[in-house]
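Trainee: If you scroll down you'll find the structure; I have some questions about it.
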Amino acid sequence: MERVTCAAPLHVPRPHGPWPAVREDLFRHGNALVCTTWSEWLPSVLTTPRLRELLGDDWQRYRRTRDAAVRYRFAASRMLIKYTAAAALAVPPEYLDLAYRLGGRPYLRGFDQIELSLSHTGDVMAVGVSRIGRIGVDVEPAERPVRLDLLETQVFTPAEARELAELPEGERTAHALRLWTLKEAYSKALGQGLRFGFKEFGFRQGRLSAPDGSRVTRDEWGFATYPVMDRFLLSVACHNAGLSTAGDTSVGTMLDQGFLSAMTDTGQQ
């Protein structure tokens, strides 16, 4: 199996795109990353006449949220998920039905080969989509203050703590934040979130490792960290489950056939 590569994040400043690069990355890597800011998408939230259709089952949650900033950020993040998935599947975003697994992980009803992950902090939102296996993303401010002593005792493995101690003092915070976001991304990919003990796994030279630093996987996982929007770090964990690597990600290929028939019948009525 070839080592999984994680696509670099694409900045999509508005619902109109550009989106072709998403399908190109899915064809080339099996996964794609999109990042933007909620303020860039806010005008579309406020002006689109299709907001209720786009939010679907999330419409009631949107309406119940009293704080306007929280409400608009929620709508923008759900629109970003749907538009990203729609670009991958070559369908209108309002045709997609977004649902949530235990723990809040989003998924698309009726699709058996599309995985999604959402992360947001401050003004930035990021979505990962994969057609070959699980995916997890985590975005954090690059200048986020960290307590190295707490991370070393509660988050990092012994091997990671040793590696951190060997770095020049001026490089430790950036390295610690990179490790933190990678652990978050991997935990999200597994659907565990913060329930997964972060001291039980680590990273060494961009690969998953045991607490002692030894390698624990072959090439079925890929990891990467990218700077985004000038002031944030985005880490991604991508898994290759051995699914079909065919380049066709159109809805007719990726959609569960029973669900596809239901959609087709509905469209013909």
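Trainee: Which of the residues spanning the stretch 18-45 are small (G, A, S) and closer than 23 Å to A189 by Cβ?
Mentor: Across the stretch 18-45, the qualifying residues are A21, G30, A32.
Trainee: What number of residues in the stretch 23-43 are modelled with pLDDT under 95 and aliphatic (A, V, I, L, M)?
Mentor: 1
Trainee: Need a quick list: helices (runs of 4 or more DSSP H) entirely within the stretch 1-90 having at least 3 residues that are among the aliphatic types (A, V, I, L, M) and either in contact (Cβ under 8 Å) with a residue 40 or more places away in the chain or farther than 30 Å from D219 by Cα (or both).
Mentor: Hits in the stretch 1-90: 38-47, 51-55, 68-89.
Trainee: A further question follows. Please count how many residues of the stretch 28-47 are out of contact with any Lys or Arg (no Cβ under 9 Å at 6 or more places or on another chain), open to solvent by 30 Å² or more (accessible area, probe 1.4 Å) and not basic (K, R).
Mentor: 4
Trainee: Got a sec? Which of L54, L80 is open to solvent by less than 10 Å² (accessible area, probe 1.4 Å) and under 23 Å from A237 (Cβ atoms)?
Mentor: Result of the check over L54, L80: L80.
Trainee: Still on this structure: Quick one: is E220 crowded, with 18+ Cβ neighbours inside 10 Å and among the charged types (D, E, K, R)?
Mentor: no
The values are calculated or read from the model by the stated rules, or taken from the named source; none is laboratory data. The shown structure was predicted, so the numbers you read here are calculated from the model rather than taken from an experiment. Glycine also receives a Cβ, built like all others from the backbone with ideal geometry; neighbour counts cover every protein chain displayed. Note: accessible area is taken over every heavy atom of the protein model, side chains too, but ligands, DNA and RNA are not part of it. Shrake-Rupley method; radii C 1.70, N 1.55, O 1.52, S 1.80 Å.
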